[in-house]
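Novice: Okay, here's the structure, questions in a sec.
The values are calculated or read from the model by the stated rules, or taken from the named source; none is laboratory data. Quick caveat: nothing in here was measured; it's all calculated off a predicted structure. Cβ atoms come from the backbone with ideal geometry, glycine included; neighbour counts cover every protein chain shown.
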Amino acid sequence: MSGKSKPKVAVWKFASCDGCQLSLLDCEDELLALTEEIEIANFPEASRAVVKGPYDLSLVEGSITTPDDLSRIQEIRRLSKTLVTIGACATAGGIQALRNFKDIHEFVSIVYASPEFISTLDQSTPISSHIKVDFELRGCPVSKAQLVEVISAYLNQRTPNTPAHSTCVECKRRGTVCVMVAKGTMCLGPVTHAGCDALCPTYNRGCYGCFGPQENPNTISLGDRLREQGADSAEVVRAFRSFNAGAEAFLKESERHEKENQKH
């Protein structure tokens with residue numbers, strides 16, 4: 001790219017824990033190599049230096065939870081040629097989307113001494129609910145390898161190569177015994193997007209669904225299977241309502257079992 005200006009890359013934070021930004025910093029050697037090809041124009045987690053937009057690529061972490069978030073994400077979209085959301089918060093509302101099932105005003109009145117000073121929205125929503133998103137990278141946090149792949153794909157003007165299969169495929173590749181079949185452990189692996197290299201099943205724990213629903217997940221079949229194995233409807237609801245509670249497939253399945261639980 002000699003003789004040409006480097007593409008400007010910006011990293012933005014909304015309601016989140018910063019874990020996905022830390023994943024980018026944790027790339028270390030890969031990040032150093034990337035900085036030779038790009039200009040990091042805005043990344044508060046890494047530097048106080050800020051270069052004005054417009055930006056060639058924006059990476060957005062976090063969900064929309066306040067009125068200020070709404071106006072800010074619109075401005076970021078306007079300044080960004082390509083916008084990629086990173087992590088469960090940005091792609092599905094995050095763990096904070098659990099507020100969507102309750103009265104947020106009740107929470108505010110209990111937690112804060114002066115609730116009148118709190119400005120918040122009733123729900124925590126993904127970035128795509130408000131603006132056009134060019135690519136979504138799931139995970140809580142995102143995979144470092146997948147994050148580098150997305151940036152590399154942009155630099156080379158190609159489609160990112162991220163897996164569309166489930167966590168179960170990763171288990172099979174590792175030779176990990178299925179914890180659901182062998183031990184009856186509750187596991188969301190069959191409907192969860194790959195990306196963590198089957199970390200939890202490798203340590204004899206069920207998948208918690210950190211990477212959200214895979215493409216075309218059969219959540220109904222899995223939900224029924226979990227019930228057959230002894231889980232009650234409330235346990236299945238909790239399983240689907242964690243890091244990606246707001247993801248459509250997980251949301252619908254949790255609501256199905258919630259209605260069943262209310263009947264009893």
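Novice: Can you find a residue in the stretch 43-52 that is under 22 Å from the mean Cα position of the chain (by Cα) and crowded, with 16+ Cβ neighbours inside 10 Å?
Specialist: Looking through the stretch 43-52, at least one residue is under 22 Å from the mean Cα position of the chain (by Cα) and crowded, with 16+ Cβ neighbours inside 10 Å.
Novice: Can you report the number of residues in the stretch 115-133 which are crowded, with 16+ Cβ neighbours inside 10 Å, farther than 18 Å from Ile95 by Cα and over 14 Å from the mean Cα position of the chain (by Cα)?
Specialist: 1
Novice: Further question: Select from the stretch 208-222 the residues that are surrounded by fewer than 23 Cβ atoms within 10 Å (Cβ to Cβ) and under 13 Å from Met186 (Cβ atoms) and write down the one among them that is nearest to the chain's Cα centre (by Cα).
Specialist: So the residue we want is Tyr208.
Novice: How many residues are of a type in the set (D, E, K, R), touching an Asp or Glu at 6+ places or on another chain (Cβ under 8 Å) and more than 25 Å from Phe243 (Cβ to Cβ) when one looks only at the stretch 1-52?
Specialist: 2
Novice: A further question on this structure: Say we look at the stretch 158-172 and pick out the residues that are at pLDDT below 95 and out of contact with any helix residue (DSSP H, G or I) (no Cβ under 9 Å at 6 or more places or on another chain); which of these is nearest to Val148 (Cα to Cα)?
Specialist: Per the stated criteria, the residue is Ala164.
Novice: Checking Arg241 against (1) surrounded by fewer than 20 Cβ atoms within 10 Å (Cβ to Cβ); (2) of a type outside the set (A, V, I, L, M, F, W, C); (3) touching a helix residue (DSSP H, G or I) at 6+ places or on another chain (Cβ under 8 Å): exactly one of these is not met. Which one?
Specialist: With (1) surrounded by fewer than 20 Cβ atoms within 10 Å (Cβ to Cβ); (2) of a type outside the set (A, V, I, L, M, F, W, C); (3) touching a helix residue (DSSP H, G or I) at 6+ places or on another chain (Cβ under 8 Å) applied to Arg241, the lone miss is (1).
Novice: So, one more: Filter the stretch 53-105 for residues that are farther than 21 Å from Phe243 by Cβ, of a type in the set (Asp, Glu) and either in contact with a Pro (Cβ under 7 Å, 6 or more places away or on another chain) or not in a helix (DSSP H, G or I) (or both) and give the result.
Specialist: Result: Asp56, Asp103.
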